[in-house]
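Participant: Let me give you the structure first, and then I'll get to my questions.
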Amino acid sequence: MQSKTDFLKNKFKAISPLILVASLSVFSIVIANTISQYIGFKTDVGFLKFKQEVITNKYWKLFFYIHIFSILFCLITGITQFSSWFLKEFKSVHRLIGRMYVYNVLLVNVPACFILGLFANGGVLGITGFLIQDFLWLYFTLMAFLSIKNKRIEAHKKFMVLSYAITTTAITFRIFKNLFYNESIFSYSLFYGITVWASLFFNLAIALLILKKKSTLDHQVG
């Protein structure tokens with residue numbers, strides 16, 4: 001007779017394709033809506049309104065556009081890696097997308113975000129928050145890559161969850177900022193710096209809870 005744990009696990013596997021599609025749709029809409037305002041390369045829109053002191057720096061502007069136009073790719077390719085259904089049905093595609101995600105993070109976004117982090121809003125609080133995020137993104141993604149190269153599957157899965165937690169701070173940060181910022185109450189610079197750290201802690205907490213839940217479930221099934 002099938003146990004309750006096995007039933008729930010099989011049920012989740014059955015609906016995972018729907019969860020994947022729904023998540024992709026939501027993430028794409030949120031980030032695409034943010035990115036769309038930068039397509040015309042105007043310098044007085046969105047986030048750039050608050051970066052007028054460095055907007056004339058051609059190197060900073062180059063790294064900004066590299067990051068903003070490539071982060072959507074990281075979000076979409078990253079989320080496909082967590083569907084067991086997708087892995088089972090499209091194993092070779094899973095591997096290809098995984099490589100693309102890793103190369104995008106390590107070779108494109110980590111260097112770009114390091115430069116952007118040096119000029120981040122939020123004073124010392126914002127700068128240190130972004131640079132620590134960037135270091136963790138590099139570490140978790142590199143460890144995920146090295147783990148799968150050494151066929152350490154469980155370690156690979158763990159580090160991919162942590163890497164993607166850092167990737168999605170791009171979403172969490174904007175949600176927190178749009179929901180809670182009130183210019184009549186908060187200093188923009190202070191609020192910005194606090195939100196950088198809050199999104200990092202929130203995402204890592206969720207990732208650790210997911211890993212703990214998975215470990216508990218695997219132990220019960222085992």
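Derivation of every value follows stated rules applied to the coordinates shown; laboratory data play no part. Note that the structure is predicted; figures quoted are calculated from it, not measured. Reconstructed Cβ throughout: ideal geometry from the backbone, glycine too, with neighbour counts over all protein chains shown.
Participant: Measure up LYS149/LYS213; LYS91/LYS151; LYS157/LYS177; LYS49/LYS177 against 22 Å on the Cα-Cα distance and list the ones that go over. Walk me through the numbers before you get to the answer.
Facilitator: On the way: LYS149/LYS213 26 Å; LYS91/LYS151 15 Å; LYS157/LYS177 30 Å; LYS49/LYS177 15 Å.
Those over the limit are LYS149/LYS213; LYS157/LYS177.
Participant: Give me the one-decimal nm value for the distance between modelled label points at ILE153 and SER70, 7 Å along each residue's Cα-to-Cβ direction.
Facilitator: Reported label-point gap for ILE153 and SER70 is 3.1 nm.
Participant: In region 139-179, which residues have a backbone nitrogen under 12 Å from the label point lying 7 Å from ASN33's Cα in the Cα-to-Cβ direction?
Facilitator: It comes to 175, 178-179, nothing else.
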